[in-house]
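Trainee: The structure follows.
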Amino acid sequence: HAKNCGKNNAKLYCSALTTRIMSHVKLETGLRRALQNNELYLHYQPQIDVRSAQLVGVEALLRWRHPELGLVAPDDFIPLAEETGLIVPIGAWVLRTACMQVRAWQEQSGRAVRVAVNLSARQFKDENLAQTVLSVLDETGLDPRLLELELTEGTLMDDAQATLSTLEQLRAIGVYLSIDDFGTGYSSMNYLKRFDVRALKIDRSFISGLPEDSENAAITRAIIAMAHGLKLAVVAEGVETAEQLQLLQQYGCDLAQGYLLGHPSPEEAIGELLMGACETVVR
Ligand code: C2E
Ligand code: MG
Ligand code: MG
Ligand code: MG
């Protein structure tokens, strides 16, 4: 507010504001160049079958190394990418890179793993999304059932016509859909019946207090029971301790993901895991 840039605090306040605007502009121009400058890359985090302890999939997580600012966290640049619409070309790059990588691992190791790719609401409003997914699958020759798209509750609650028709097209292509950060968004369960969802990912905030936090334990059990009642798989996010994993196993949770089982890692580390070079855990 220009009005606040009065006499006394003016200098301090205005310059703080200027710095914020400047860094926003810097991030935005930086993000526009990031793709062509090869500053974006992916890390992959293992998803483990709780019963068999096998690696069954990975989640692709976007990373950005800015030439001056260094590593910028997704939570700092994804919202900006959404606002500016840059998430659409960036998201297409993520999809293509992740699918190519899974094919490369498949050829190297003879093992098929699933890859989960995060999609933001903005990408869902893009009428070309299904076409992008289709061409990526076509180019890479990846089985659609090895591609999982992670959406949030908010994305599915938006019943804009574009969202609905995109969901229908994706279902026809045969990719899997899962709900990320489940339990933190809108609480309507209607969309679970309406859409062909494969899995719910229990948000890390419910897992982090386990096993002590009895409320989060109750919520976790309830989500697992509901998901199984609807014939959906359950993935626990943010599993950091052996006690948490043990409890989840006891609750019948299907898959687990978290620092205990593997940090988000470069493709070589996952490749080694698949080749059987190390046992289960990536550090
Ligand atoms: P998310 O999809 O819920 O991803 C899980 C986040 O939790 C990741 O943060 C991951 O590094 C972190 N994490 C995993 N295990 C643990 C754990 O045991 N403990 C803790 N404390 N954290 C854990 P990251 O990589 O910073 O990503 C943050 C968010 O950015 C993601 O949340 C996702 O919403 C978004 N994001 C990341 N990559 C993409 C992308 O390619 N496209 C879109 N649209 N969004 C993305
Ligand atoms: Mg995710
Ligand atoms: Mg999540
Ligand atoms: Mg998230």
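The values are calculated or read from the model by the stated rules, or taken from the named source; none is laboratory data. Note that this is a predicted model, so its numbers are computed, not measured. Reconstructed Cβ throughout: ideal geometry from the backbone, glycine too, with neighbour counts over all protein chains shown. What goes into the accessible areas is simple: the full protein's heavy atoms, side chains included, and nothing from ligands, DNA or RNA. Shrake-Rupley method; radii C 1.70, N 1.55, O 1.52, S 1.80 Å.
Trainee: Quick test of your reading of the structure: Ser178 fulfils all but one of (1) over 30 Å from Gln54 (Cα atoms); (2) open to solvent by less than 60 Å² (accessible area, probe 1.4 Å); (3) within 15 Å of ligand 4 (Cβ to nearest atom). Name the failing condition by number.
Mentor: If we test Ser178 against (1) over 30 Å from Gln54 (Cα atoms); (2) open to solvent by less than 60 Å² (accessible area, probe 1.4 Å); (3) within 15 Å of ligand 4 (Cβ to nearest atom), just (1) comes out false.
Trainee: Just to be sure, is Leu156 closer than 30 Å to Leu274 by Cα and in contact with a helix residue (DSSP H, G or I) (Cβ under 8 Å, 6 or more places away or on another chain)?
Mentor: For Leu156, the condition - closer than 30 Å to Leu274 by Cα and in contact with a helix residue (DSSP H, G or I) (Cβ under 8 Å, 6 or more places away or on another chain) - is not met.
Trainee: Read through the list (1) buried (at least 19 other Cβ atoms within 10 Å of the Cβ); (2) touching a residue at least 60 places away in the same chain (Cβ under 8 Å), then give the number of the only condition that Gly271 fails.
Mentor: Every condition holds for Gly271 apart from (1).
Trainee: Could you grab me the full set of residues in the stretch 190-218 that are closer than 28 Å to Leu167 by Cα and open to solvent by 50 Å² or more (accessible area, probe 1.4 Å)?
Mentor: Asn190, Lys193, Arg194, Asp196, Arg204, Ser205
Trainee: A further question follows. If you go through the stretch 35-54 one residue at a time, do you hit one that is within 15 Å of ligand 2 (Cβ to nearest atom), among the aromatic types (Phe, Trp, Tyr) and touching a residue at least 12 places away in the same chain (Cβ under 8 Å)?
Mentor: Within the stretch 35-54, one or more residues are within 15 Å of ligand 2 (Cβ to nearest atom), among the aromatic types (Phe, Trp, Tyr) and touching a residue at least 12 places away in the same chain (Cβ under 8 Å).
Trainee: State which residue pairs qualify: first residue closer than 16 Å to Ala98 by Cα and inside the stretch 110-122, second residue away from ligand 4 (no atom under 15 Å from the Cβ) and among the basic types (Lys, Arg) in any location, beta carbons under 9 Å apart, and separation of 6 or more residues or different chains.
Mentor: Arg114/Arg145
Trainee: Let me ask something else. Which residues, counting only those in the stretch 92-132, are out of contact with any strand residue (DSSP E or B) (no Cβ under 8 Å at 6 or more places or on another chain), under 22 Å from Leu31 (Cα atoms) and not polar (S, T, N, Q)?
Mentor: Ala92, Arg96, Arg122, Lys125, Asp126, Leu129
Trainee: Now, a different point. Name the single residue that is modelled with the lowest pLDDT among those in the stretch 113-128 being away from ligand 1 (no atom under 12 Å from the Cβ) and under 17 Å from the mean Cα position of the chain (by Cα).
Mentor: Val113
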